[in-house]
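Report on the structure given below.
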Amino acid sequence: MPGSFVLQLLHASDFEAGIPALDDAPRFSSVLNALRSQFPNQTLTLSSGDNYIPGPFLAASSDPSLKSLLGREDIGRGDITILNAMGFQASVFGNHEFDQGTRQVRTLIVKDKAYPGTSFPYLSANLNFATDSSLRDLVVQDNQAASTIPNSIAKSVVITVGAERFGVVGATTPMLRSISTTGDVGVFPPNSADLDALAAIIQASVDALIAQGINKIILLAHMQQLDIEVNLAGRLRGVDIIVAGGSHTLLCDRTDRLRVGDTSKGVYPILRTSASGEPIAIVNTTSNYKYVGRLVAEFDPQGRIVPGSIDPNISGAYAADDRGVIATGNFPPDPKVVQVTQALRQVINTKDANTFGLTNVYLNGERNSVRTEETNLGNLTADANLSAARKIDSSVVISLKNGGGIRESIGAIVGSGGNDPNAGKKIPPVANPSVGKKAGEISQLDIENSLRFHNQLTLLTVTAQQLQQVIEHGVADTAPGRTPGRFPQVGGMAFTFNPNLPAGSRVISLNVRDRNDNIIDTVVQNGQLVGNPNRTFRIVTLKFLAGGGDRYPFPKFPATNSLDTGIGEQKALQDYLAENFASNPYNIPDVSAAEDRRIRNLAVPIPATSQSGNTPF
């Protein structure tokens, strides 16, 4: 088409480096370099946020051995150095950027004498940094060339690809304040569910770009749930592509080979019509350096994306595993990426030598599981918290934590696909002979990688009515395709719920249980509160939730007799493993949602062939 332009957009989100990134980041770099080489003058490389997350990978950059590579050692600098080396040109703020506060955000963005900071700008149109003393001086004028404003923050930038100008706008989840540590950063709109208000904020930045004559616009949207980005598409005018983030959703097309254990969550790209009646493409390719997203699309002379130009043989999700590296030409990864990951591996490996207990089963911490159903790892860590709490206060009977605080499974997935008969099999932690770790041993590294936030434990007293409200809140956002971080993992209790009922009235039964799994108190039966609503229960939860994180209602409850224990969830699990599974392995396998005993989703039918006999309610 005369006057048209073909763009290659390479994208990713939710890097959130954990231990697998030591191998996946170099492979991601290789695949990225291979794809970029095919369109050397037509490529744009963008991130839709959560570029790092607390955990052993982030913390390892503070080791003095990293000084020569990073300029000065400090947490997270390895993550940023990797993204710089890969050539990312802009990123939106995700929620995990703020997990350690805005002062830490600043230290990673700005440069010092030896550390270059971010070679790209961070974007967000719906965050106000003017009131935050750590970040306000990093804000620059919007709509500048991204290459001229590294180490900065803006609502939007312009990136020239070939001779064409592309506008890039960022938008961050309005739930940010309830799921991270935002300091004095303003988050808009105040009502996070008001998509019309959010769209209006984004539209103002889009309109400013259009006023400068830019007719090709990309939105980097870190909304946590893909359906929010999809619903935004029809509310926006002039936006051509939305790069989603935060939901870890793997979109792919029929030609894409997926990594072992992965399943498609939708077609790549999702095509919708914007409020201005123009096509808009929505893309996402999960997380953790596992895939390079690639959208190759033509834009017509008016700057509109041409859906018919998107070839599934070219566009889609490119697996960043060994097979993916070979399939894309075995390009060398960036040397800096290799150097940094090798140095981090040396630091991290020392933690793998320190073991606490044994398991002969895979401990399921997968996002799609811990945020939607009971898992064996959710049970194990909830029980560990309960055990730790009872050492301080023997009256504690219930443990509750959020599934979003579990970031990784403890175990491994076997095989690379192909003809491997064991491909996809989930197994206990593998041996690490270099440090003397045996198969099935659970190490400090395993625990830190899974419970990356190391939340402190808090004791609270709640009434029966308040306990019902807490669990109702925990399941209020559960719906097909959603993975809400608030979803509870529990110990000392069991409940059933029906997600097809209105939020706030979903809990059908709820009972408190003793150490032998016997019911000692029925709180909810047939959807109704039972007994004296003011009778009380002592519970242990995470300090994050006790403070209102994930919008849990604890701060609204009077007279909870709150006690911060000073014990972290990592330490609680370490001690629990050492006390109970040092010689006899943990052996409770993860089961399907239909067979769960503590948390029963009534919308999931129990198979007629089920042999579990699980009828706890």
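The values are calculated or read from the model by the stated rules, or taken from the named source; none is laboratory data. Quick caveat: nothing in here was measured; it's all calculated off a predicted structure. Positions of Cβ are generated from backbone atoms using ideal geometry, with glycine treated the same way; all protein chains shown enter the neighbour counts.
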Top-ranked residue of segment 302-332 - restricted to ones that are among the small types (Gly, Ala, Ser) and part of a loop (DSSP other than H, G, I, E, B), ranked as surrounded by the fewest Cβ atoms within 10 Å (Cβ to Cβ): Gly329
Lone qualifier among Thr609, Thr560 - being surrounded by 16 or more Cβ atoms within 10 Å (Cβ to Cβ), at pLDDT below 95, over 28 Å from the mean Cα position of the chain (by Cα) and not basic (Lys, Arg): Thr560
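Quick check: anything in segment 545-561 among the aliphatic types (A, V, I, L, M) and over 23 Å from Arg177 (Cα atoms)?
Checking segment 545-561: at least one residue is among the aliphatic types (A, V, I, L, M) and over 23 Å from Arg177 (Cα atoms).
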Which listed residue is over 28 Å from Pro301 (Cα atoms), buried (at least 24 other Cβ atoms within 10 Å of the Cβ) and among the hydroxyl-bearing types (Ser, Thr, Tyr), from Thr172, Thr131: Thr172
Residue check: is Glu97 part of a loop (DSSP other than H, G, I, E, B), among the acidic types (Asp, Glu) and either without any contact (Cβ under 8 Å) to a residue 24 or more places away in the chain or farther than 19 Å from Lys290 by Cα (or both)? no
May I ask you to say which residue of Leu83, Leu123, Leu108, Leu138 is of a type outside the set (Val, Ile, Thr), free of Cβ contacts under 8 Å to residues at least 40 places away in the same chain and at negative phi? Leu138
Could you grab me the full set of residues in segment 1-47 that are under 18 Å from Val338 (Cα atoms) and basic (Lys, Arg)? Arg27
Output the number of residues of segment 375-391 satisfying the condition of being over 21 Å from the mean Cα position of the chain (by Cα) and either within 13 Å of Lys571 (Cβ to Cβ) or not hydrophobic (A, V, I, L, M, F, W, C) (or both). 8
Tell me, yes or no, whether segment 356-370 has at least one residue that is within 27 Å of the chain's Cα centre (by Cα), more than 28 Å from Gly436 (Cα to Cα), hydroxyl-bearing (Ser, Thr, Tyr) and in a loop (DSSP other than H, G, I, E, B). no
With Ser68, Ser37 as the choices, which residue is free of Cβ contacts under 8 Å to residues at least 24 places away in the same chain, surrounded by fewer than 24 Cβ atoms within 10 Å (Cβ to Cβ) and not acidic (Asp, Glu)? Ser68
I'm checking my understanding of the structure. Among residues of segment 423-451 that are over 16 Å from Asn354 (Cβ atoms) and not hydrophobic (A, V, I, L, M, F, W, C), which one is modelled with the lowest pLDDT? Gly424
Can you find a residue that is farther than 22 Å from Pro54 by Cβ, at pLDDT below 95 and surrounded by fewer than 23 Cβ atoms within 10 Å (Cβ to Cβ) anywhere in segment 193-207? yes
Out of the residues in segment 99-124 meeting the condition of being hydrophobic (A, V, I, L, M, F, W, C), buried (at least 22 other Cβ atoms within 10 Å of the Cβ) and touching a helix residue (DSSP H, G or I) at 6+ places or on another chain (Cβ under 8 Å), tell me which one is farthest from Asn33 (Cα to Cα). Val105
Cβ-Cβ below 7 Å, separation at least six or inter-chain, first residue in segment 355-368 and without any contact (Cβ under 8 Å) to a residue 60 or more places away in the chain, second part of a loop (DSSP other than H, G, I, E, B): which pairs? Glu366/Ser409
Within the bounds of segment 583-592, is there any residue that is closer than 30 Å to Asp99 by Cα, part of a loop (DSSP other than H, G, I, E, B), among the polar types (S, T, N, Q) and in contact (Cβ under 8 Å) with a residue 12 or more places away in the chain? no
Say whether the condition of being out of contact with any Pro (no Cβ under 8 Å at 6 or more places or on another chain), farther than 30 Å from His473 by Cα, without any contact (Cβ under 8 Å) to a residue 60 or more places away in the chain and not in a loop (DSSP other than H, G, I, E, B) is met by at least one residue in segment 422-445. yes
Just one listed residue, out of Ile159, Ile153, Ile149, is in contact with a Pro (Cβ under 9 Å, 6 or more places away or on another chain), hydrophobic (A, V, I, L, M, F, W, C) and within 17 Å of Thr45 (Cβ to Cβ), and it is Ile149
So is Val396 aliphatic (A, V, I, L, M) and modelled with pLDDT under 95 or not? no
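Please find, among Asn516, Asn532, the residue that is in contact (Cβ under 8 Å) with a residue 24 or more places away in the chain and in a loop (DSSP other than H, G, I, E, B). Show your work before the answer.
On the way: Asn516 fails: in contact (Cβ under 8 Å) with a residue 24 or more places away in the chain.
One residue alone meets the criteria, Asn532.
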Pairs under 8 Å by beta carbon, first residue farther than 14 Å from Asn534 by Cα in segment 461-473, partner of a type outside the set (D, E, K, R) and part of a helix (DSSP H, G or I), six or more apart or different chains? Val470/Phe554
Whichever residue in segment 256-289 is among the polar types (S, T, N, Q) and assigned to a loop (DSSP other than H, G, I, E, B) and, among such residues, is nearest to Leu46 (Cα to Cα): Asn284
Considering segment 497-513, residues that are part of a loop (DSSP other than H, G, I, E, B), in contact (Cβ under 8 Å) with a residue 60 or more places away in the chain and surrounded by 15 or more Cβ atoms within 10 Å (Cβ to Cβ), and then whichever is farthest from the chain's Cα centre (by Cα), we arrive at Asn498
Considering residues that are closer than 17 Å to Leu83 by Cα and among the hydroxyl-bearing types (Ser, Thr, Tyr), the number found within segment 330-380 is 1
So Ser91 ticks every box in (1) in a helix (DSSP H, G or I); (2) within 19 Å of the chain's Cα centre (by Cα) but one. Which box is left unticked? (1)
Residues of segment 563-579 being crowded, with 16+ Cβ neighbours inside 10 Å and either at pLDDT below 95 or not basic (Lys, Arg) (or both), which ones? Leu563, Thr565, Ile567, Gly568, Glu569, Gln570, Ala572, Leu573, Gln574, Asp575, Tyr576, Leu577
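Each row is one residue, and each column tells you yes or no for (1) under 20 Å from Leu10 (Cβ atoms); (2) surrounded by fewer than 23 Cβ atoms within 10 Å (Cβ to Cβ); (3) touching a helix residue (DSSP H, G or I) at 6+ places or on another chain (Cβ under 8 Å).
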site	(1), (2), (3)
His222	yes, no, no
Val230	no, yes, no
Arg235	no, yes, yes
Asp262	yes, yes, no
Ser274	no, yes, yes
Read through the list (1) surrounded by fewer than 20 Cβ atoms within 10 Å (Cβ to Cβ); (2) hydrophobic (A, V, I, L, M, F, W, C); (3) under 27 Å from Val31 (Cα atoms), then give the number of the only condition that Ile218 fails. (1)
Those residues that are closer than 18 Å to Val230 by Cβ and of a type outside the set (Gly, Ala, Ser), I need them from segment 164-200; list them, please. Val169, Thr172, Thr173, Pro174, Met175, Asp194, Leu195, Asp196, Leu198
